[in-house]
Amino acid sequence: MVQLSTSVYLLGGLLGLFLLSPVTMAPTPASMCTALKTLNGSLSNRRRYMKHNFPINYKIRVHYEEVFKLSNINRMRLHVEGLDELVLQRLWFQVNRGVLKKIIRVMPERHPSRQYTTELERRFRDAEGVFVQSHPAEVFQQELPESIQDTWDHLTEEPSRVPESSWRSASPKSLLDNLCHTMHCLFSECFASTETKRDCEYFKETPPVAQDVTKKEK
């Protein structure tokens, strides 16, 4: 009986791993792509609303982690051990949620770009909602790699406690450019043909090494 029970447990464990594999390896669901493509459609107008309706060289203050570029993602993939695409996608949502709020916050109620940006944020939140629903709840309870957790903590820290050296100035358009380009890479299955495809393929194919990152390239 002991041998039988052991065999049953082993079989159950293997079966469990088999059943979990489609969850961890599943492609981006169609609903996620639909939401992101809707967001991408709005982003196609960012030059008009984020450049022409602002003073020349206008910039806002953001966390240095919120200047989130392809080069930052590439650096993290190279230096953070055990980093997977899902963690980067979670971080992308966390970063850009704050970016959109900061852009809206600097606009007066009657600013010509406020309605556009408010709608953009709504579509972003819709995509985030689909993203959360597309994964088991346990995924969002998993411990993050240390350097990613540090970034996460910085983003949620009270502004008054953030040292002056940790702030950066960036134009609203450049922040939305970053949002768009990194979205195309982190959710590349939804954007089969983009101008950033070569950069996306580079950081996906480069093997990571076991080392932590303390600062991100700007």
Inside the stretch 47-70, the number of residues satisfying the requirement of being in a loop (DSSP other than H, G, I, E, B) and not aromatic (Phe, Trp, Tyr) is 7
Checking Ser134, Ser113, Ser169 in turn, the sole residue that is surrounded by fewer than 17 Cβ atoms within 10 Å (Cβ to Cβ), modelled with pLDDT of 95 or more and not acidic (Asp, Glu) turns out to be Ser169
Selection from the stretch 93-111 of residues touching a residue at least 60 places away in the same chain (Cβ under 8 Å) and touching a Ser or Thr at 6+ places or on another chain (Cβ under 6 Å) yields Ile103
Ser160 passes all but one of the listed conditions (1) touching a residue at least 24 places away in the same chain (Cβ under 8 Å); (2) over 21 Å from Met76 (Cβ atoms); the exception is number (1)
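The values are calculated or read from the model by the stated rules, or taken from the named source; none is laboratory data. A quick note: this is a predicted structure, and the numbers were derived from the prediction, not measured. Using ideal geometry, Cβ is built from the backbone for each residue, glycine included, and neighbour counts are taken over all protein chains shown.
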